[in-house]
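I have placed the structure first, in the form of structure tokens, so that the comments after it can refer back to it.
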Amino acid sequence: MPSEHGLLSQTFRIHQLQKLGVNLDKWDYVVALAGNPNTGKSTVFNSLTGLRQHTGNWPGKTVNRAEGAFSYKDNRYKIVDLPGTYSLLSTSEDEEIARNFILFGQPDVTLIVADATRLERNLNLTLQILEITPNAVLCLNLMDEAKRKGIKINEKALQQRLGIPVITTTARYGDGMEALLYAIEQVATDAWPTQQRFKITVPEKLEESIHALESDLKELYPDLPNTRWIALRLLEGDERVVDALKNDEFSGLMNSFQQPPLDLNAELDVLNTNEASS
Amino acid sequence: MAPLSNLRQGKSSVISKIGDDISGAQRRRLLDLGIYPGATITHCFNSATGEPKAFEVLGSVIALRKEQTDFIFTLED
């Protein structure tokens with residue numbers, strides 16, 4: 001019997017896709033992989049990169065995120081597997097890692113992997129992500145299970161309502177992965193029409209308060225992305241965001257994701273040199 | 001309206017309200033887990049000590065304590 005890895009590489013071969021594993025020297029676009037727990041995020045990650053989950057360390061925090069790479073057509077992509085969460089607004093550490101990356105890491109595409117058999121539950125996180133960025137793709141995964149349960153999804157209607165590409169997949173068999181890659185490319189290269197993108201409308205009074213706060217934030221941090229989202233959280237009284245503002249954490253967060261990943265080999269060299277000289 | 005803590009094991013009902021006693025981050029967390037007015041909730045089983053209790057909502061089973069279920073209300077069936 002072939003190993004899981006072997007099976008994946010066999011069943012999942014797409015013209016113009018090159019799985020680059022951990023080859024992260026340079027990339028054209030960054031893709032963040034977000035979604036509820038147990039939706040098959042890592043299966044999507046592994047089948048695009050050819051990896052069996054790789055974890056790496058990043059400066060600033062001692063947390064493990066998985067990172068990999070692939071190339072499709074003319075572009076190279078770095079893909080970051082974020083912790084699975086139900087929300088970006090509660091106060092667990094996992095959720096903060098996911099939300100900080102989407103907010104401050106500013107990925108070119110956020111790929112949301114959803115469980116097609118629990119669509120309603122999964123759309124909560126989807127809407128929270130769309131509140132931060134319209135540069136997203138919704139991957140309705142586990143379609144084989146959905147079909148078995150007799151669930152039918154009108155993905156065209158969903159796509160129209162959300163304003164982002166909606167792709168149905170069964171990642172463990174590689175089904176739908178080519179369409180998914182195409183959608184990622186469309187959003188990354190800005191070929192996806194932006195005028196259709198999702199916008200949450202709020203009452204005018206709230207809108208005024210958001211604007212006032214946004215301009216204050218922009219004065220304090222001219223490069224701060226997603227000021228609207230941060231303003232909304234401040235109005236909501238989100239303690240974590242209020243603290244981040246009080247303790248001036250935003251600059252640090254913005255910088256931490258601009259740096260290239262740690263070169264572990266270089267670190268090792270330094271370590272060896274130090275040991276040899278002592 | 002009846003508190004969710006009264007819902008008998010094996011029974012389902014529709015959530016009608018989250019009481020004002022649950023606020024801030026706690027309320028947010030419940031909403032994110034699928035506890036919101038209109039959602040159907042089923043009391044699946046109890047833990048050995050009776051607390052917490054397991055409920056199914058939106059296709060997933062979650063555990064809730066009495067401090068929470070006393071302030072989550074469902075429609076009478």
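No value in this document is a laboratory result; all are computed from the given coordinates. These numbers were taken from a predicted model, which means no experiment stands behind them. Cβ coordinates were reconstructed from backbone atoms using ideal geometry, including for glycine residues, and neighbour counts include every protein chain displayed.
Quick look at the values:
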| read-out | value |
| --- | --- |
| FRET efficiency for A:Asp144 and A:Glu120, using Cβ-Cβ distance with R0 set to 25 Å, rounded to 0.05 | 0.80 |
| Pairs beyond 24 Å (Cα-Cα), from A:Lys78/A:Lys147; A:Lys41/A:Lys78; A:Lys41/A:Lys152; A:Lys156/B:Lys11; B:Lys17/B:Lys53 | A:Lys78/A:Lys147; A:Lys156/B:Lys11 |
| Residues of the range B:8-36 with amide N under 19 Å of the 7 Å Cα→Cβ point at B:Lys66 | B:8-10, B:19, B:21-22 |
| Viscosity 1.306 mPa s, 10 °C: Kirkwood-radius Stokes-Einstein D of the protein assembly as shown over Cα pairs, µm²/s | 71 |
| Burial ordering of B:Ile22, A:Ile200, fewest other beta-carbon atoms within 10 Å first | A:Ile200, B:Ile22 |
| Three-way shape call for the range A:204-256 based on the alpha-carbon gyration tensor, with the a/c threshold at 1.5 | oblate |
| Efficiency of FRET from Cβ geometry, A:Tyr173 and A:Arg52, R₀ 22 Å, rounded to 0.05 | 0.85 |
| Net charge contributed by nearby residues that have their C-beta within less than 9 Å of A:Leu232 (K/R +1, D/E -1) | -1 |
| Cα-based shape type of the range A:87-134, given that a ≥ b ≥ c are square roots of the gyration tensor eigenvalues and the cut on a/c is 1.5 | oblate |
| Chain B: C-alpha gyration tensor shape, a/c 1.5 cut-off, then a/b vs b/c | rounded |
| Charge dipole (debye, nearest 20) of the protein assembly as shown; +1 at Cβ of Lys and Arg, -1 at Cβ of Asp and Glu | 1360 |
| Estimated FRET transfer efficiency when R0 is 35 angstrom, pair B:Arg8-A:Arg240 (beta carbons, to 0.05) | 0.35 |
| Relative exposure of B:Tyr36, A:Tyr86, A:Tyr72, judged by other C-beta atoms within 10 Å (fewest first) | B:Tyr36, A:Tyr72, A:Tyr86 |
| Fewest-first sequence of B:Ser16, A:Ser215 by Cβ atoms within 10 Å of each Cβ | A:Ser215, B:Ser16 |
